[in-house]
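Just below is one structure, and these are the notes that go with it.
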Amino acid sequence: MNVRQLDPNQYNRSEGMQRKEKKTGTINKVKEGRDRFMELINLLPQAVIEIQFDGTLLFANWHSRKLFGYSLGDDVVGKVNVFRHVIPEDRERIAGSIGKMASGEKVRPPEITAVRKDGSTFPAIVYANLIINSGIPAGVRVIVADVSDKKEIEEAYKALVDHSLQGLVIVQDGRFVFINDFFIRNSGFTREEILSLPIDDMWQMIHPEDREMVMGMHRNLLTGVVTQAPVIEYRVFVKGREGLEMRWVSDYGTRIEYRGRPAIQTALVDITERKLSEMAIQESERRYRDLAELLPQGVFEADTEGRILYANRSTLDMFGIVSGDIGQNITIADTLAVKDRDRAERGVRRVLAGEKVMAGEYTCIRKDGTTFPSLILANAIIKGGKPDGIRGVIVDITVRKEMNRKLEESEARYRTLFNSTGTATVLSDEDMRIVLANQNFYRISGYSQDTELKFTDLIHPDDLEFMVDCHRRRRIDPGSVPRSYEFRFRRADGSVRNAFLTVGMIPGTKRSVASIIDITELKQTQEELRKKTFSLEEANSALRVLLKQRDEDKAELEKNILTNLKEVVLPFLDKLKVQNLNASQLNILAVIEENLKEIMSPFLKNISYNYARLTPREIEILLLVKEGRSTKEISRIIHTSERTIDFQRNSIRKKLGISNSKVNLRTFIMNKEGSL
């Protein structure tokens, strides 16, 4: 029997060719997944670049080209050193930051002054992540953005971290304290499950044979044996559909300070693709889809005829369709308003022809027929060196349009308010140049609207130094100078007016807004009022002197009348009372005495007021005591016993508060009242 001899070498060659072809196919698919990812990054509205450690540019998306002043056709990859786009003072610092990052140190995103192609500069913050290839740092992926839009930068950096192709975690006290979205997606656990893992359970996620190696690396970092651990590879368990699955990762760990205490920051790269090439292709595709699904912007793919083959969740929500609608012959033109379809078709043809087409605004139509404004950016899908379709990003700009509309309305309202306010209002720059003024300003100043003015042109020379100093200090510390004050205002015709100024800074700028009120007439009125007030005060002073003199004269007159009656008339009446008068004479004497009392009563009011607690009889006795009458004389005059008079005198002393004092009653009265 003839047996065919097999050449073992021939068999080995055939088997080797098969492996080579399989490997080549795998590499091509991995490359295709990588290209699709980079194309998606290229469509993002943030400036993203990749560089080598020496600053050589490896990749720049379209937004970064625009930011730095390059056109889409400029050949920059491998020829531009990014450090040249940083001012010299910042180059060493940013190079040092990249060096520290490469050595494993945690670096705070530096603020730099970036330089565009035309030489102009802008302030920027640089957020960066290491590019890890086969577990080895190979470069830096960077987001560059103006600091004027910090919120967008922070969101972009967070998106870069969360959408990174690396798992980023921070371990502190043996527990996870931070995990990014990529780690969560690839671990199969929820964020809550991972963050709540006890210490022992966390280590259970690592294969038993590798666990001690990883724990040792953590100990060395935390105890300071090493500050940067070497890249290690090990197996981990993740949650899969059928339960726990094993995957390979490379671990790039460094010691950091997290919330004031030591922690381990680890970049975990899934290297299972390197171990199992078939799984590498699937993982690459899944990463692309997951990233696309997580993006807030719409992502779509279409064939060369414009039929939409894929749309992410944001796109479906944007157009009000479901995933089942995709692949049902929906074209790009079907999603656009009729007026925009021809322009869109021309754009698709240009993209498929290899042109770089900038983003354009289009009106899109939802499934229910409603429309919304959008911004669409697309490029060609290349397979086998030929265009195989189109991939694009679509952004709903309804909110942006509405904000612009409201901003325009707000600007119009405030401009109307500015021009219609009742006071002269001006807006001035740091150099005191007037950049805007309303109609009232031109009315009170006498200048025409086409006159270029500085605020110093309006200030009287004697007030100039003070106001310039206030203007300067207000831009350093607004609270250090008064907000309102008076100054002398020079009109166009040279006349000087008195004005009241109120100034405030516009937040976030070096400009100030001032209102000016002409108070010349008010000042004149105040001066006239001051003069009249002074004259009136002089007249009042003279009147007060006259009134005081009148009161003194009146008091003197009352005193003289009362004294004359008491000393000249009343003593004789008292003597008549003790004479042998008949009844008729006594009646006449009583009438005379009563009439004299009526005459004296107005003059006795002061006495009644000062001694309101005394009875009328006590007041009568008090007056007689004041005249120097003895008890016996008083008894005879008022026809009362001496004992009653003594009792009344004691009552008077008690009411006057001198009952226990040796002071003479007449002396006390004279001292208290003066001459009555």
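The values are calculated or read from the model by the stated rules, or taken from the named source; none is laboratory data. The structure displayed is predicted, hence computed values, not measured ones. Reconstructed Cβ throughout: ideal geometry from the backbone, glycine too, with neighbour counts over all protein chains shown. Note: areas computed on protein heavy atoms with side chains; ligands, DNA, RNA excluded. Shrake-Rupley method; radii C 1.70, N 1.55, O 1.52, S 1.80 Å.
Cα centroids of region 421-483 and region 643-662: 82 Å apart.
Applied to region 398-414, the Karplus parametrisation 6.51 cos²θ - 1.76 cosθ + 1.60 on θ = phi - 60° returns per-residue 3J(HN,Hα) values of 4, 5, 4, 4, 5, 5, 5, 5, 5, 5, 5, 5, 4, 4, 5, 5, 5 Hz, with x for Gly and Pro. Note on residue 285/residue 510: beta-carbon distance plugged into 1/(1 + (r/R0)^6) with R0 of 35 Å gives a FRET efficiency of 0.10. Label region 497-573 by shape, choosing from rounded, prolate and oblate, from the square roots a ≥ b ≥ c of the eigenvalues of the Cα gyration tensor; if a/c is under 1.5 it is rounded, and otherwise prolate applies when a/b is larger than b/c, oblate when it is not. Prolate, because a/c is 1.5 or more and a/b exceeds b/c.
Across 481, 395, the residue with the most accessible area heads the list, and the full order at a 1.4 Å probe is 395, 481. Expressed as an acute angle from 0 to 90° and rounded to the nearest 10, what is the orientation of the C-alpha long axis of helix 208-223 relative to the principal long axis of the chain? Relative to the chain, helix 208-223 is tipped by roughly 40 degrees.
Seen from residue 57, the other residues with C-beta closer than 9 Å to its C-beta sum to a net charge of 0, counting Lys and Arg as +1 and Asp and Glu as -1. The Cα atoms of region 257-363 give a gyration tensor whose axes a ≥ b ≥ c have a/c of 1.5 or more with a/b greater than b/c, which makes the shape prolate.
Protection proxy ranking, highest mean first, for peptides 501-511, 246-256: 246-256, 501-511, where packing is the per-residue count of other beta-carbon atoms within 10 Å, averaged. Scalar couplings 3J(HN,Hα) for region 508-517, obtained by applying the Karplus form with A = 6.51, B = -1.76, C = 1.60 to θ = phi - 60°, are x, 9, 9, 8, 9, 10, 10, 10, 10, 10 Hz; x denotes Gly and Pro.
Which of 356/383; 577/626; 100/510; 626/662 have a Cα-Cα distance over 26 Å? From 356/383; 577/626; 100/510; 626/662, over 26 Å: 100/510.
Here's the list of aspartates and glutamates a cross-link from residue 275 could span, going by alpha-carbon distance under 16 Å and ignoring same-chain residues fewer than 8 apart: 233, 245, 251, 283. Taken along the Cα-to-beta-carbon direction at a fixed 7 Å, the label points for residue 423 and residue 526 span 1.5 nm. Ranked by solvent-accessible area (1.4 Å probe, protein heavy atoms only, all chains present), the residues 398, 631, 227, 371 order from largest to smallest as 227, 371, 398, 631. In plain terms, the chain from residue 647 to residue 492 could stretch by 46.5 nm, reckoned as 0.36 nm per residue minus the Cα-Cα distance.
Take residue 35: with every protein chain present and a 1.4 Å probe, its accessible area is about 60 Å².
Assign one of three labels to region 358-466, namely rounded, prolate or oblate, based on the Cα gyration tensor with a ≥ b ≥ c the square roots of its eigenvalues; rounded applies when a/c is under 1.5, prolate when it is not and a/b is larger than b/c, and oblate otherwise. Since a/c reaches 1.5 and a/b is larger than b/c, the shape of region 358-466 is classed as prolate. Computed about the Cα centre, the dipole magnitude for the chain is approximately 1820 debye when only Lys and Arg (+1) and Asp and Glu (-1) carry charge, each at its Cβ. Which whole-angstrom value gives the distance between the alpha carbon centres of region 67-106 and region 356-407? So the two Cα centres are separated by 31 Å. Once log10 I(q)/I(0) by the Debye sum over Cα atoms at q = 0.06, 0.07, 0.11 Å⁻¹ is calculated for the structure shown, the corresponding label among [x] -0.62, -0.73, -1.20; [y] -0.30, -0.42, -1.09; [z] -0.47, -0.59, -1.09 turns out to be [x]. With the charge dipole of the chain set up from +1 on Lys and Arg Cβ and -1 on Asp and Glu Cβ about the Cα centre, the Cα lying farthest toward the positive end among the listed residues 549, 615, 326 is that of 615.
Spin-label model, residue 408 to residue 102: label points 7 Å out along the Cα-to-beta-carbon direction sit 5.1 nm apart.
The residues of region 611-676 present an accessible area of 61 Å² per residue when probed at 1.4 Å with all protein chains retained. Note on the chain: dipole from Cβ charges, positive end direction compared against 217, 652, 525; the farthest Cα belongs to 652. When the charge dipole of region 302-410 is built from unit charges on Cβ atoms (+1 for Lys and Arg, -1 for Asp and Glu) and taken about the Cα centre, the candidate among 308, 363, 380 whose Cα reaches farthest toward its positive end is 380. Net charge near residue 665: determine it from the other residues with C-beta under 10 Å of the C-beta of residue 665, scoring Lys and Arg +1 and Asp and Glu -1. Once all neighbours under 10 Å are counted, the net charge is +4. Counting charges near residue 488 (Lys, Arg +1; Asp, Glu -1) among other residues having Cβ under 14 Å from its Cβ returns a value of -2. Relative protection proxy for 539-548, 454-463, from highest mean packing down: 454-463, 539-548 (other beta-carbon atoms within 10 angstrom).
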